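Written out below as structure tokens is the structure these notes cover.
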């Protein structure tokens, strides 16, 4: 299953890309459930984050690969075990007439656990992703998205 949140943010696409390139400076402001974020190398090709989603506290180390124009970042867990359930997530920024379309996708493989996790993880995760879109717009000084 792929969870997806997409919104047009009235900001230059390069401002959104810069936000993600300097996420260590904005992570705690981006969402009240964010706990910590750190780039693990000078090339910003891996990071560690901690955040609360519903009753869960997620702690992960991720590897990042980016498109040549840096508008698409694909993040994969460094743990082979976590990657079985959470193969990847992406952050994409595409130019739009009114600014930029920000799209965040999370690929989850939960199989029969999906229905057990709907209330405690999946519903809060969807809400979290939506809040991040609104907060991203606010942090960039633009109106919240619908």
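Throughout, read-outs are computed from the coordinates displayed, never taken from laboratory work. Quantities reported herein were computed from a predicted structural model and do not represent experimental measurements. Using ideal geometry, Cβ is built from the backbone for each residue, glycine included, and neighbour counts are taken over all protein chains shown.
Given (1) in contact (Cβ under 8 Å) with a residue 12 or more places away in the chain; (2) within 27 Å of residue 84 (Cα to Cα); (3) surrounded by fewer than 16 Cβ atoms within 10 Å (Cβ to Cβ), where does residue 143 come up short, assuming only one miss?
(2)
Which condition number does residue 136 fail, the rest of (1) within 15 Å of residue 13 (Cα to Cα); (2) exposed (fewer than 14 other Cβ atoms within 10 Å of the Cβ) being met?
(2)
Return yes when residue 105 is part of a strand (DSSP E or B), surrounded by 16 or more Cβ atoms within 10 Å (Cβ to Cβ), out of contact with any helix residue (DSSP H, G or I) (no Cβ under 6 Å at 6 or more places or on another chain) and in contact (Cβ under 8 Å) with a residue 40 or more places away in the chain and no when it is not.
For residue 105, the condition - part of a strand (DSSP E or B), surrounded by 16 or more Cβ atoms within 10 Å (Cβ to Cβ), out of contact with any helix residue (DSSP H, G or I) (no Cβ under 6 Å at 6 or more places or on another chain) and in contact (Cβ under 8 Å) with a residue 40 or more places away in the chain - is met.
Quick one: which residue in 38, 83, 11 is without any contact (Cβ under 8 Å) to a residue 24 or more places away in the chain and either in contact with a helix residue (DSSP H, G or I) (Cβ under 9 Å, 6 or more places away or on another chain) or closer than 13 Å to residue 136 by Cα (or both)?
When all the criteria are applied, what remains is 38.
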